[in-house]
Amino acid sequence: QERRRIARDLHDSTGQHLIAATLIASRIEKTLPAAAQPALRQLEDMLQQSIREVRTVSYLLHPPLLDEAGLGLALRHYIEGFLDRSSIAVELDISPSVERLAPDTELVLFHVVQEALTNISRHSKSPTAQIRLMRERATNGDAVVLTIEDAGKGMPGVRGVRQLIGQKNAPTRGVGLASMRERLQQIGGRLEIDSVVGRTTVRVVLPIREP
Ligand SMILES: Nc1ncnc2c1ncn2[C@@H]1O[C@H](COP(=O)(O)OP(=O)(O)O)[C@@H](O)[C@H]1O
Ligand SMILES: [Mg+2]
């Protein structure tokens with residue numbers, strides 16, 4: 001798959017070159033006069049930011065582990081990295097009734113978690129996040145249900161009302177949730193947001209097709 005190759009090249013090649021550049025920058029630190037230090041700091045910050053961006057893009061193109069190990073392990077791995085970067089305590093609870101899902105289903109669910117966690121760290125001020133993945137019986141077949149909850153300040157404009165993203169008045173100023181909604185609709189799922197001050201829940205319901 002093309003996305004996967006690009007993701008791997010970005011991560012393994014561009015990513016490694018950037019890391020090598022930070023090593024060179026820290027090596028010349030001692031040899032530079034004091035006047036050059038602020039610029040060097042800026043250079044290092046720039047490089048760190050580029051490394052983060054390359055990582056994010058490569059993850060977005062194709063999360064490592066997803067094909068090989070499945071959604072559960074890929075999420076665990078992603079959340080470990082997120083814990084290092086964010087200091088938000090993330091709890092992950094995957095019901096044993098959720099087994100391997102179709103590849104496109106796993107990919108979309110992975111991206112929803114990624115988007116929701118990024119939103120929590122960017123917008124919510126929540127110290128915690130809770131992710132649950134379970135299987136639900138419905139009359140017209142089973143569905144997989146993913147919820148991501150935080151204890152933050154709540155989503156402006158959604159106060160107290162359950163809103164289906166996709167309705168005309170849904171809060172989709174950003175592109176993150178809107179594009180998640182679109183991708184879910186393409187494969188028959190839906191995305192709901194329920195938010196009050198102190199608790200925001202993003203919920204995805206997706207009919208299960210066996211892989
Ligand atoms: N967990 C959250 N807590 C509070 N506000 C949120 C949360 N998630 C999203 N939001 C709000 O909803 C908006 C839309 O989110 P999103 O579509 O991901 O766009 P973006 O993250 O690019 O701003 C955000 O700008 C933010 O104001
Ligand atoms: Mg976002």
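The values are calculated or read from the model by the stated rules, or taken from the named source; none is laboratory data. Being a predicted model, the structure only gives us computed values, none of them experimental. Note that we place each Cβ from the backbone using ideal geometry, even for glycine, and neighbour counts take in every protein chain shown. Side chains are part of the model used for accessible areas, which takes the heavy atoms of the whole protein and leaves out ligands, DNA and RNA. Shrake-Rupley method; radii C 1.70, N 1.55, O 1.52, S 1.80 Å.
Points worth noting:
- Residue satisfying condition, being farther than 25 Å from S195 by Cα and buried (at least 16 other Cβ atoms within 10 Å of the Cβ), within set P96, P64, P103: P64
- Residue list for region 173-190, restricted to those being within 13 Å of ligand 2 (Cβ to nearest atom) and not basic (K, R): G174, V175, G176, L177, A178, S179, M180
- In region 113-125, the residues that are farther than 18 Å from R181 by Cβ form Cβ pairs under 9 Å with partners that are assigned to a helix (DSSP H, G or I), at six or more places apart or across chains, as follows: S121/F82; S121/R85; S121/S86.
- Of the criteria (1) surrounded by 15 or more Cβ atoms within 10 Å (Cβ to Cβ); (2) modelled with pLDDT of 90 or more; (3) within 11 Å of ligand 2 (Cβ to nearest atom), which one A151 fails: (3)
- Every listed requirement among (1) assigned by TED's automatic domain parsing to the domain that holds L133; (2) open to solvent by 60 Å² or more (accessible area, probe 1.4 Å) is met by D12 save one, (1).
- Of the residues in region 74-82, not one is farther than 30 Å from D142 by Cβ, without any contact (Cβ under 8 Å) to a residue 40 or more places away in the chain, touching a helix residue (DSSP H, G or I) at 6+ places or on another chain (Cβ under 9 Å) and outside the structural domain of I148 (by TED's automatic domain parsing).
- Residue in region 23-37 that is open to solvent by 30 Å² or more (accessible area, probe 1.4 Å), in a helix (DSSP H, G or I) and within 27 Å of S179 (Cβ to Cβ) present: no
- When we screen S58, S50 for residues that are part of a helix (DSSP H, G or I), small (G, A, S) and over 14 Å from the mean Cα position of the chain (by Cα), the only hit is S50.
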